[in-house]
Amino acid sequence: PIGAQQWVPPHPRSIDELKPAAADCHGCELYENATQTVFGRGAPHAKIVFVGEQPGDVEDRHGLPFVGPAGRLLRDAVDDAGIDPAELYITNAVKHFRFELRGGRRIHQNPGPAHITACRPWLVSEFSLLKPKLVVILGATAGKALLGPSFRVTRSRGQLMPWPASAQHPEDFPVAEIQAIATIHPSAVLRADDRETAYRGLVDDLRVAAAAVA
Ligand code: URA
Ligand code: SF4
């Protein structure tokens with residue numbers, strides 16, 4: 001893929017300028033089958049930015065991130081962790097839904113490393129405008145997008161990490177004094193055998209996030 005860079009406005013002043021530009025992005029082939037670009041949304045001066053994987057089926061139809069089942073669970077967890085939803089911005093590492101048609105149903109497929117790399121300029125421009133205090137990394141795809149291919153959720157979750165020292169391309173995230181914390185993806189909670197325990201683990205990690213920006 002050629003990547004998203006040529007669609008990113010050179011000197012955006014606000015997220016509101018990025019969103020319509022991203023709607024036209026052809027940086028990789030995922031735009032071809034998806035309904036629309038699903039850009040990030042939330043407070044323009046959010047202290048905390050959540051980064052998920054990619055929009056799901058419901059998000060693809062509505063054009064907004066985390067409005068389906070995983071989003072509902074995430075909102076509950078944010079609430080239970082005591083994070084003010086007004087201080088959040090939420091986005092995805094990849095902005096188009098990747099799926100496979102099976103018997104007329106759209107089955108989620110993980111984005112590949114090439115999609116993550118292609119879509120990265122959008123994430124970088126979101127970060128440079130938002131300048132968050134803390135980035136919450138939801139699951140392995142977001143972790144690999146931000147911190148490199150060796151990132152493992154199970155090893156890193158629930159711990160505050162410095163940023164961007166550990167990031168794969170520190171030079172392209174022009175944000176100083178930012179921290180990161182990883183946790184499991186809310187979809188992983190929905191799939192877990194023991195949902196209660198998985199949910200409590202997510203909330204515990206988010207409590208660390210809440211304390212970090214308090
Ligand atoms: N899962 C994600 O990673 N992002 C969404 O927006 C929805 C589900
Ligand atoms: Fe552009 Fe990202 Fe969509 Fe690919 S997934 S077309 S890079 S917005």
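Any read-out appearing in this document is the output of simple, stated calculations on the displayed coordinates, not a laboratory observation. This one's a predicted model, so the numbers in the text were calculated from it and none came from an experiment. Virtual Cβ from ideal backbone geometry, glycine too; neighbours counted across all protein chains shown.
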Exercise. If amide H atoms are built 1.01 Å from N in the plane of the peptide, which residues on other chains or at least 5 residues away come under 5 Å of the amide H of residue 99?
Worked result: 109
Problem set entry | 16 Å Cα-Cα reach of residue 95 towards lysines, excluding residues that sit fewer than 8 places from it in its own chain | 19, 144
For this session: Once you have a ≥ b ≥ c as the square roots of the Cα gyration tensor eigenvalues for segment 1-98, tell me rounded if a/c is under 1.5, and otherwise prolate or oblate according to whether a/b is larger than b/c.
Result: oblate
Problem set entry | For segment 64-167: rounded, prolate or oblate by the Cα gyration tensor [a/c cutoff 1.5] | oblate
Exercise. Within the chain, what percent of beta bridges assigned by DSSP are antiparallel, to the nearest 5?
Worked result: 40
For this session: Please give every one of the aspartates and glutamates within straight-line cross-link reach of residue 47, meaning a C-alpha to C-alpha distance under 14 Å, and leave out same-chain neighbours fewer than 8 residues apart.
Result: 84, 87, 126, 177
Seminar exercise, completed: Ordered by fewest other Cβ atoms within 10 Å, a rough proxy for footprinting exposure, 128, 156, 150 read 150, 128, 156
For this session: Find which of 78, 55, 103 sits farthest along the positive direction of the dipole of segment 5-213, computed with +1 on the beta-carbon of Lys and Arg, -1 on that of Asp and Glu, about the Cα centre.
Result: 103
Problem set entry | Residue-count net charge about residue 26 - beta-carbon cut-off 13 Å; Lys, Arg +1, Asp, Glu -1 | -2
